[in-house]
Amino acid sequence: MLLSLSGAYYVSQKSEKPTLFISKQESGFNVDDSFFKYFNLGQKRLMSSIIWIMTILESDNDHYKNEDLNSWMFHRFNTISNLEPLFYENYAFGGPYLSIIKDDLKGATYIYNKGLSKFPDDFYLLKNAAFHFHFEVEDYQRSREIHQHLLHHKNINPILYSSLARIESELGNKEAAFTILLSNYNDLKKRNQTALADKTKEHLYAIRAEIDLECLNGKTTSNIKCNTHDLNGAPYIKDSLGRFKASKAWTPFKIKKHQHSK
């Protein structure tokens, strides 16, 4: 018996035991929202604070790839928003965390939209939501709505004008894109921001050239008279195939796609 016990002890010391790991997604504890709806004892704010602290302490960075609104952190943030709808930090932290850290894009979309319904004019929420919808989920219609709202804020970054103009151009509203950038260009000139103004004029040239060349080459059904000169006043020229082209090289003004890391 002693020999057997000694042998078992020796083997247990020499053999490497497999590491047992259970993800937070599998071990996380969440309570259905309907429970707190009827059993809160009038302490919704206290309960939301406790759940918030637990969520921050237990937060992980495991990516959640399913699109079923079932990640454990989304359930926590959503429960908090139901208990305390005006708890601002829940949206300001929850939206970016779900979008960027957890890769739970559907959950982040839900939290952002819920947050903006409570704080529709908050610059921080609008800015992060614009990035999420524009680059992460590529929902350009929703991104357009948020960008248009952002333009009402003072001292916004000129890049936001460019982003909105790209969305309008992508959606086929090239004249609207040109108007947005032209307004920004004039403002930059007044403030003597020469470098940004010059870059903006390049984008203006590209949009105007695309509009004019589509018109001259018969790609539009509009009866509006086509411009025969580009933004710089130079005439469009015909190539050997009889197609019009600009006198200088230009790059179509389109949305820049975000490269997701794998």
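The values are calculated or read from the model by the stated rules, or taken from the named source; none is laboratory data. This one's a predicted model, so the numbers in the text were calculated from it and none came from an experiment. Backbone-built Cβ (ideal geometry, glycine too); neighbour counts: all protein chains shown. Side chains included, ligands, DNA and RNA excluded: accessible areas come from the protein's heavy atoms. Shrake-Rupley method; radii C 1.70, N 1.55, O 1.52, S 1.80 Å.
Where the second residue is small (Gly, Ala, Ser) and outside any helix (DSSP H, G or I) and the first is closer than 18 Å to Pro235 by Cβ and lies in the stretch 190-219, which pairs have Cβ atoms under 9 Å and are six or more apart or on separate chains?
Going by the 9 Å Cβ cut-off, the qualifying pairs are Tyr205/Ala246; Ala209/Ala246; Asp212/Ala246; Leu213/Ala246; Cys215/Ser222.
Which helices (runs of 4 or more DSSP H) sit wholly inside the stretch 19-95 and have at least 1 residues that are at pLDDT 90 or above, open to solvent by less than 40 Å² (accessible area, probe 1.4 Å) and not acidic (Asp, Glu)? Walk me through how you get there before you give the answer.
Working: elements: 24-27, 33-38, 44-58, 72-83.
By residue number, 44-58, 72-83.
Output the residue which, of all residues in the stretch 102-151 that are open to solvent by 60 Å² or more (accessible area, probe 1.4 Å) and of a type in the set (A, V, I, L, M, F, W, C), is farthest from Glu84 (Cα to Cα).
My answer is Phe131.
Of all residues in the stretch 168-218 being part of a helix (DSSP H, G or I) and in contact with a strand residue (DSSP E or B) (Cβ under 6 Å, 6 or more places away or on another chain), which is least open to solvent (accessible area, probe 1.4 Å)? Before the answer, list the steps.
Step one: list which residues in the stretch 168-218 are part of a helix (DSSP H, G or I), which gives 168-170, 174-190, 194-216.
Subset that is in contact with a strand residue (DSSP E or B) (Cβ under 6 Å, 6 or more places away or on another chain): 213, 216.
Working: Leu213: 19, Leu216: 40 Å².
Across the stretch 168-218, the extreme among qualifying residues is Leu213.
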